[in-house]
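I have placed the structure first, in the form of structure tokens, so that the comments after it can refer back to it.
The values are calculated or read from the model by the stated rules, or taken from the named source; none is laboratory data. Remember, it's a predicted structure, so these values are computed and weren't measured experimentally. Positions of Cβ are generated from backbone atoms using ideal geometry, with glycine treated the same way; all protein chains shown enter the neighbour counts.
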Amino acid sequence: MDRNGKLKVGIVGAAGRPRIFKSALEAHPRAAVAAICDISEERLEQAKTHFGPCPAFLSYESMLEQAGLDAVIIGTPMHFHVGQTLLALERNLHVISEVPAGVSIEECRKLAEAAARSKGQYIMAENCNYMKPHMTIANMVRSGLFGELYFAEGEYLHEVKPLNESTPWRRTWQTGVNGITYGTHSLGPILEWMEGDRIARVSCVGSGRHYADGQNRPYGIEDTCVMMAKTERGKLIRVRLDMLSERPTALNYTLQGTRGCYESVRHELLGSGKVFVKNGESDKHEWADLATVGQDYIPDIWQRMPESMLGPSGHGGSDYVMMTDFLDALTEGKPSPISIHRALDMTLPGLISQLSIKRDGEWLDVPDSRAWCGDTACG
Ligand SMILES: NC(=O)c1ccc[n+]([C@@H]2O[C@H](COP(=O)([O-])OP(=O)(O)OC[C@H]3O[C@@H](n4cnc5c(N)ncnc54)[C@H](O)[C@@H]3O)[C@@H](O)[C@H]2O)c1
């Protein structure tokens with residue numbers, strides 16, 4: 001803690017994705033940015049301008065050694081998440097890591113073991129869980145409005161070919177591996193709705209290859225990959241990932257239960273979506289606007305947020321809400337809002353899908369990270 005009793009937060013990859021967290025960090029009464037790090041000199045300069053005066057480092061290890069931190073936000077490319085998280089957890093620092101948790105099953109195993117040993121909390125920053133319609137639907141599910149859930153879909157359709165040129169790590173890790181490489185945005189909210197359940201088996205197939213990169217090298221991955229998943233309790237989930245096809249961006253979710261269903265708006269920021277909830281014995285199947293019928297289910301954290309903060313912050317305000325919730329949890333000693341096992345429940349199915357697609361869609365078991373640590377609860 002700093003001399004004002006605030007949690008000292010360091011940020012690595014500070015010039016990239018974590019820039020969006022500045023407003024939540026500044027507004028939080030019990031946390032402060034204590035150091036920033038970026039491996040690129042030019043980008044570190046940009047981060048200094050953005051975050052204001054604080055110690056700045058080109059080396060992550062030096063930041064951990066010298067800045068006296070309590071927590072780190074890891075916003076580097078996907079393949080650095082686990083290595084950097086392990087270094088922080090070994091020092092008993094709290095970690096807020098960008099998605100996905102890791103890029104291989106072996107990495108995920110090391111991560112689970114390190115989190116079990118550490119006094120630091122691990123939190124995965126799956127911001128889609130914090131989108132207002134998703135949190136509202138979660139409250140409606142908990143109230144039993146949809147009955148027993150048995151089916152859900154999530155789609156992440158985001159053409160990144162130009163982004164691949166400016167951030168080449170994407171070419172390798174997001175669009176260089178066939179299967180679901182970036183599936184947590186889809187699975188995060190769905191697993192939140194299906195609380196207490198996890199994906200036990202997956203099968204993954206693709207649509208073929210139709211695109212080349214900036215150097216005219218054909219992409220080795222299939223344009224659209226679809227993963228079918230069965231949960232331990234027998235529910236069915238379909239995830240579609242497409243980061244190559246020529247089309248506007250869309251995030252899409254559906255949910256079906258025995259008494260009702262939800263369909264999101266097919267748009268990046270989701271709007272409000274529509275729901276059907278079976279009313280008494282009526283046979284009428286009519287949509288209602290989530291913004292209207294969901295009013296009483298909007299979570300407190302969204303009600304508390306000042307409108308002025310939500311407007312300019314990322315992903316419709318969900319980045320602000322998410323970081324506020326994480327900092328609240330860490331400073332009030334509450335459990336991780338997205339714990340290591342829940343993070344791996346969102347990450348591991350995608351990694352197993354990458355094996356399944358190589359085997360023509362063979363159904364494969366998804367390991368349960370709790371078993372790696374001798375834990376049983378599906379928390
Ligand atoms: N949750 C979301 O909505 C969301 C959105 C975008 C990106 N992401 C995730 O955030 C991460 C970063 O994505 P991005 O778009 O900011 O990428 P980016 O390439 O734009 O930025 C990454 C930054 O990290 C720095 N960096 C790279 N390697 C480093 C290292 N070893 N040590 C210190 N700094 C290093 C780079 O110089 C760069 O400034 C990725 O894991 C991505 O999956 C999440």
Output the residue which, of all residues in the range 15-32 that are within 12 Å of the ligand (Cβ to nearest atom), in contact with a helix residue (DSSP H, G or I) (Cβ under 6 Å, 6 or more places away or on another chain) and in a helix (DSSP H, G or I), is farthest from residue 307 (Cα to Cα).
19
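Results for (1) buried (at least 20 other Cβ atoms within 10 Å of the Cβ); (2) more than 12 Å from the ligand (Cβ to nearest atom), shown as yes or no for each residue.
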| residue | (1), (2) |
| --- | --- |
| 13 | yes, no |
| 34 | yes, yes |
| 45 | no, no |
| 50 | no, no |
| 55 | no, yes |
| 58 | no, no |
| 76 | yes, no |
| 79 | no, no |
| 90 | no, yes |
Filter the range 107-154 down to the residues that are more than 30 Å from residue 278 (Cβ to Cβ) and more than 16 Å from the ligand (Cβ to nearest atom) and list them by number.
109, 110, 112, 113, 114, 115, 116, 117, 118, 119, 120, 121
Could you figure out which of (1) buried (at least 18 other Cβ atoms within 10 Å of the Cβ); (2) within 14 Å of the ligand (Cβ to nearest atom); (3) under 30 Å from residue 175 (Cβ atoms); (4) among the hydrophobic types (A, V, I, L, M, F, W, C) isn't true of residue 64?
(3)
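Quick one: which helices (runs of 4 or more DSSP H) sit completely within the range 244-341 and have at least 2 residues that are within 30 Å of residue 26 (Cβ to Cβ) and at pLDDT 95 or above? Let's see the steps before the verdict.
Values: elements: 290-293, 300-304, 307-310, 318-331.
Per the criteria, 318-331.
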Residue check, residue 27 under 25 Å from the mean Cα position of the chain (by Cα) and crowded, with 19+ Cβ neighbours inside 10 Å
no
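Let's see how each residue does on (1) buried (at least 20 other Cβ atoms within 10 Å of the Cβ); (2) touching a Pro at 6+ places or on another chain (Cβ under 9 Å); (3) among the aromatic types (Phe, Trp, Tyr):
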residue	(1), (2), (3)
94	yes, no, no
102	yes, no, no
110	no, no, no
121	yes, yes, no
127	yes, no, no
137	yes, yes, no
155	yes, no, no
159	no, yes, no
Go through (1) closer than 30 Å to residue 235 by Cβ; (2) in contact (Cβ under 8 Å) with a residue 40 or more places away in the chain; (3) surrounded by 22 or more Cβ atoms within 10 Å (Cβ to Cβ) one by one and return the number of the condition residue 71 breaks.
(1)
Within the range 207-228, can you find the residues that are crowded, with 19+ Cβ neighbours inside 10 Å and in a strand (DSSP E or B)?
225, 226, 227
Check whether at least one residue in the range 31-46 is of a type in the set (A, V, I, L, M) and in contact (Cβ under 8 Å) with a residue 40 or more places away in the chain, and report yes or no.
yes
Unmet criterion (only one of (1) surrounded by fewer than 24 Cβ atoms within 10 Å (Cβ to Cβ); (2) at pLDDT 90 or above; (3) farther than 13 Å from residue 202 by Cβ; (4) hydrophobic (A, V, I, L, M, F, W, C)) for residue 363:
(3)
Whichever residue in the range 165-177 is more than 10 Å from the ligand (Cβ to nearest atom) and either touching an Asp or Glu at 6+ places or on another chain (Cβ under 6 Å) or not polar (S, T, N, Q) (or both) and, among such residues, is farthest from residue 294 (Cα to Cα)
165
Residue check, residue 163 against (1) in contact (Cβ under 8 Å) with a residue 12 or more places away in the chain; (2) over 24 Å from residue 341 (Cα atoms), all met but one. Which one?
(1)
Long-range neighbours under 7 Å by Cβ, at least six apart or interchain, first residue under 18 Å from residue 235 (Cα atoms) within the range 143-159, second among the hydroxyl-bearing types (Ser, Thr, Tyr)
147/258; 148/258; 152/254; 153/253; 153/254; 154/186; 154/253; 155/186
Just checking, which of 138, 200, 212 is without any contact (Cβ under 8 Å) to a residue 12 or more places away in the chain and among the aliphatic types (A, V, I, L, M)?
212
Filtered residue count, the range 65-87, keeping only those that are farther than 15 Å from residue 343 by Cβ and of a type in the set (A, V, I, L, M)
5
